[in-house]
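Undergrad: Here it is, the structure in full.
The values are calculated or read from the model by the stated rules, or taken from the named source; none is laboratory data. Remember, predicted model here, so these are calculated numbers, not experimental data. With ideal geometry, Cβ positions are generated from the backbone for all residues, glycine too; neighbour counts draw on all protein chains shown. Calculation scope for accessible area: heavy atoms of the full protein, side chains included, ligands and nucleic acids excluded. Shrake-Rupley method; radii C 1.70, N 1.55, O 1.52, S 1.80 Å.
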Amino acid sequence: MAINLELPKNFDSTVERTHLAAEHIFRPISRKYDKAEHEYPVELDELAKLAKQNRGAEKSADEGAGGDAPSKNGANMRGLLSALEMSWGDVGLLLSIPGQGLGNAAIAAVANPEQLEKFSDVWAAMAITEPSFGSDSAAVSTTATRDGDDYLINGEKIFVTSGSRADHVVVWATLDKSLGRAAIKSFVVPMDTEGVTVVRLEKKLGIKASDTAVIRFENARVPAENLLGSPEIDTKKAFGGVMQTFDNTRPVVAAMAIGLGRAALEELRRMLEEAGHEIDYDRPAAAQHATVAEFIRLESDWEASWLHTLRAAWMADNKQPNSTEASMSKAKAGRTVTDITNKAVEVGATAGFSETSLLEKWARDSKILDIFEGTQQIQQLIIARRVLGKSSADLK
């Protein structure tokens, strides 16, 4: 099925609205909250209200765009465009908008219709990583034990984005350690549940506007209906249900990288032109100033990232399996944005390394986009397995 790479006109308002928010709300306070780590950005409250009002109209538009058409662009594409534009403003502030946590994407990916309705207004963080493991999601040791009509959750999670601000958290836990990854399920846990404790907030290299928490669960009791998807343990399907979350979130993280990368490319272009170096696409790169040639290389990598990400989101909207493409988009965009921002700092010289501009901040912020939601190395491993037809046991 062919993909038309021209974005539909019905997304114009989303792009325009989110870019205006990035330009007039995020950029002016970007440095403020980079310096005030763990301080809540109160300027986002009004933005969150507006976003909530718009989501209902956008949901109707996305559903209407589907119909019986052979292909469509819906919620995944809209979310991708919003993430891209707002990350042009500030990635950390985007991750801090109330009601738009990574856990919300998990709910959208695997919840049944009743759960989608029940959790439609929550702000959900995502809790996967634990002190004993990083990228190996199958190594989850947090447990969920059935107790009547409830589950008791016990364990500790680290690197939980918005963990101290969100009102709910989606927790990955195992129903039975002896059954391996097949027994791993995700649970929606209200943060005010007895036994849920925010242990500490991390100090970070970048995205300082966003809080990153350590959360402990001690006999935290949640209703059985808060288990997302099926409670049955199907060893044949492994833990594909919870992993579907990544098929939705990885293209969004790629879009964040693309938005930040575009901001850095725009500043790099400005610096080159200010220095009198014209970027001429009709001449061979090797026949131009070395930094111009480098800019053209970076820009082409950025374009490739964008096309990968468009494809992954389009496939998700059209119910096509996109695990490989989601990993490709995340790997390419994550690597490219760190390349772009570091080169911009290098070319910017003293201005790039000081706080007189946002270049050094963008370089710090960009690194996490190559790490969270699966590191560069994990994405390449997933892609290799898919391309070569290998299992996780065959290729480690």
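Undergrad: Regarding the range 346-353, can at least one residue be identified that is open to solvent by less than 30 Å² (accessible area, probe 1.4 Å), in contact with a Gly (Cβ under 9 Å, 6 or more places away or on another chain) and touching a residue at least 40 places away in the same chain (Cβ under 8 Å)?
TA: Looking through the range 346-353, none of the residues is open to solvent by less than 30 Å² (accessible area, probe 1.4 Å), in contact with a Gly (Cβ under 9 Å, 6 or more places away or on another chain) and touching a residue at least 40 places away in the same chain (Cβ under 8 Å).
Undergrad: Can you name the number of the only condition in (1) in a loop (DSSP other than H, G, I, E, B); (2) of a type in the set (A, V, I, L, M); (3) open to solvent by 20 Å² or more (accessible area, probe 1.4 Å) that Ile97 fails?
TA: Tallying (1) in a loop (DSSP other than H, G, I, E, B); (2) of a type in the set (A, V, I, L, M); (3) open to solvent by 20 Å² or more (accessible area, probe 1.4 Å), Ile97 fails exactly one: (3).
Undergrad: A follow-up question, please. Answer yes or no: is there a residue in the range 176-190 that is open to solvent by 10 Å² or more (accessible area, probe 1.4 Å), part of a helix (DSSP H, G or I), in contact (Cβ under 8 Å) with a residue 12 or more places away in the chain and at positive phi.
TA: Yes; the residues of the range 176-190 include at least one that is open to solvent by 10 Å² or more (accessible area, probe 1.4 Å), part of a helix (DSSP H, G or I), in contact (Cβ under 8 Å) with a residue 12 or more places away in the chain and at positive phi.
Undergrad: Please specify each residue of the range 282-309 satisfying the condition of being in contact with a Ser or Thr (Cβ under 7 Å, 6 or more places away or on another chain) and surrounded by 21 or more Cβ atoms within 10 Å (Cβ to Cβ).
TA: Trp302, Ser305, His308, Thr309
Undergrad: So which residues in the range 310-338 are surrounded by fewer than 24 Cβ atoms within 10 Å (Cβ to Cβ) and among the small types (Gly, Ala, Ser), if there are any at all?
TA: Ser323
Undergrad: In addition: Taking into account only those residues within the range 108-120 that are outside any helix (DSSP H, G or I) and either touching a residue at least 24 places away in the same chain (Cβ under 8 Å) or of a type in the set (Val, Ile, Thr) (or both), which is farthest from Ser392 (Cα to Cα)?
TA: Among residues in the range 108-120 that are outside any helix (DSSP H, G or I) and either touching a residue at least 24 places away in the same chain (Cβ under 8 Å) or of a type in the set (Val, Ile, Thr) (or both), the one farthest from Ser392 (Cα to Cα) is Phe119.
Undergrad: To continue, here is another question. Assess whether Ala106 counts as being open to solvent by less than 20 Å² (accessible area, probe 1.4 Å), modelled with pLDDT under 90 and either farther than 20 Å from Gln244 by Cβ or small (Gly, Ala, Ser) (or both).
TA: Taking the combined requirement at face value, the residue satisfies it.
Undergrad: When the residues of the range 16-26 are filtered to those that are in contact (Cβ under 8 Å) with a residue 12 or more places away in the chain and open to solvent by 60 Å² or more (accessible area, probe 1.4 Å), which remaining residue is farthest from Ile258 (Cα to Cα)?
TA: If we take residues in the range 16-26 being in contact (Cβ under 8 Å) with a residue 12 or more places away in the chain and open to solvent by 60 Å² or more (accessible area, probe 1.4 Å), then Arg17 is farthest from Ile258 (Cα to Cα).
For (1) in a loop (DSSP other than H, G, I, E, B); (2) at pLDDT below 95; (3) of a type in the set (S, T, N, Q); (4) in contact with a Gly (Cβ under 9 Å, 6 or more places away or on another chain), each residue gets a yes or a no:
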residue	(1), (2), (3), (4)
Ala209	yes, no, no, yes
Glu218	no, no, no, yes
Val222	no, no, no, no
Pro231	yes, yes, no, no
Lys237	yes, yes, no, no
Asp247	no, yes, no, no
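Undergrad: Go through Arg262, Arg297, Arg283 for me and flag whichever is over 30 Å from Asn112 (Cβ atoms) and touching a Leu at 6+ places or on another chain (Cβ under 8 Å).
TA: Among Arg262, Arg297, Arg283, only Arg262 is over 30 Å from Asn112 (Cβ atoms) and touching a Leu at 6+ places or on another chain (Cβ under 8 Å).
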